Amino acid sequence: MNEDTPHQEDLFAGLEAILFAADAPVSILRLVRALNHPRNRVEDALCALGRRYAENDRGVELAELGGGWQLFTKRRFSRAVESALGQPPRNRTRLSAAALETLAIIAYRQPITRGEIEAIRGVDTSGTLASLAEHRLIEVSGRSESAGRPNLYSTTEGFLNFFGLRHLGELPQPGAEGEETSADRGTLRVAIDGPAGSGKSTVARLVASRLGLVYVDTGAFYRALTWLALERGTDFGDPAALVELARDAGLELEVEDHTARLLLEGSPVGAEIRSPRVTTAIQRVADLPPIRNLVNGRIRELAGRLPGGVVAEGRDIGTLLFPDTPHKFYLTASVAERARRRLEDHRARGEAVTLPELEAQIIERDRADSTRQYGALTRLPEALEINTTGMSIQEVVEAVIGGVELRLAERASDAPGTD
Ligand code: DC
């Protein structure tokens with residue numbers, strides 16, 4: 001082997017430079033000539049690079065097709081767009097493959113900078129972005145790129161109309177199809193959604209302990225990030241700054257006694273994340289799709305490591321976090337009852353609030369939680385709805401466990417090989 005063999009990373013960089021610039025398959029001979037390295041070294045590097053792409057969460061994959069090597073948008077990204085397109089577009093505008101790929105990247109990761117889009121697609125996207133903006137499928141926000149803060153791209157109402165979607169939560173989940181599901185692995189994902197004060201957290205905690213699963217309070221993530229942003233004086237009107245804070249926040253989960261405890265920079269988060277100032281400011285954080293994707297990614301990571309499974313509660317558990325689980329529940333209760341429950345929590349913490357104040361806050365939170373563009377609180381038709389008004393906690397716990405058992409029994413009798 002050649003003494004001058006460069007470090008593998010240099011070879012990767014050379015391959016990427018050629019493959020990203022090419023718009024057609026590149027033959028192995030052309031790669032060998034351009035990189036000036038033995039064919040077997042280049043082939044090994046192509047395989048290693050392909051594995052790296054397959055394992056990371058970038059949107060590209062590398063494959064040999066039609067006599068050459070080429071980068072493709074990962075199947076899960078393109079499949080997601082194809083199935084979105086499966087519904088007849090509302091107008092006759094035709095979109096190129098490049099435009100569709102770019103739209104898919106923006107839809108799933110918005111708000112996103114042009115640099116991030118190009119890092120995924122690997123080509124200059126200025127023309128595509130301009131044409132998508134012209135068709136009013138995307139919009140640009142943020143300060144001018146020359147002022148040092150990159151522009152952020154997001155999809156518009158026009159995008160939803162074009163694909164016949166009511167909200168972004170209806171977009172198919174990349175990776176949802178064809179991947180191993182929790183049921184395949186024999187682990188449980190119990191998804192409990194519902195508005196504030198519907199009893200989700202108490203019930204989820206008890207269900208987890210009864211079924212030997214781990215309880216995950218997803219709202220704690222949004223609360224911890226909001227608290228951190230308030231502490232650091234982050235500008236809540238600057239989505240890019242909030243996303244950056246979330247990416248750097250060092251959020252971890254640690255399991256103790258059937259509960260996933262949230263750690264922020266290595267320390268458990270405290271009661272300060274439940275303070276009214278956090279609850280008031282939280283929507284700006286929870287509204288941001290990149291933050292939601294980051295939070296849900298962390299939780300899925302934890303869930304994947306647990307042999308038994310999890311009971312997660314929040315607003316987007318059945319729609320975004322675990323869309324494939326058959327164990328979906330939607331807890332509700334009247335506004336009056338939810339305000340009464342919250343009053344008891346506030347009194348226990350020595351905070352002075354009145355019932356009418358709490359009712360007004362609950363109505364406002366319901367509005368914010370159910371109207372956000374991505375991750376909105378949604379009553380899914382397949383979820384088992386439990387109106388907890390007038391029910392005891394124990395009754396609700398029994399209803400959830402009964403629902404889980406019923407679904408398990410249904411699935412067992414549907415399984416091939418059973419009568
Ligand atoms: O569940 P909680 O009251 O602690 O949630 C506080 C806020 O966090 C809620 O008003 C919206 C947001 N949240 C969310 O957007 N998605 C979740 N899965 C959980 C909470």
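With the convex hull drawn over the C-alpha atoms of region 272-361, the volume per residue is 139 Å³.
The alpha-carbon positions of region 185-414 define a convex hull whose volume is 125 Å³ per residue. With θ taken as phi - 60° and the Karplus curve 6.51 cos²θ - 1.76 cosθ + 1.60 applied, the whole-hertz 3J(HN,Hα) list for region 229-235 is 5, 5, 4, 7, x, 5, 6 Hz, x standing for glycine and proline. In terms of packing, defined here as the mean over residues of other Cβ atoms within 10 angstrom, the peptides 217-223, 244-250 line up highest first as 217-223, 244-250. Taking one equal scatterer on every alpha-carbon of region 212-329, how large is log10 of I(q)/I(0) by Debye at q = 0.14, 0.16, 0.19 1/Å? The computed values of log10 I(q)/I(0) come out as -0.56, -0.73, -1.02. The value obtained for region 361-416, namely the Cα convex hull volume divided by the number of residues, is 112 Å³ per residue.
For Leu384, the residues 5 or more places off, or on other chains, whose built amide H falls under 5 Å of its own are Lys328, Phe329, Tyr330.
Readers should treat all values here as calculations from the given coordinates under stated rules, not as data from a laboratory. Computed from a prediction, not measured in an experiment: that's the story for all the values here. Here Cβ is always computed from backbone atoms with ideal geometry, including for glycine, and neighbour counts include all displayed protein chains.
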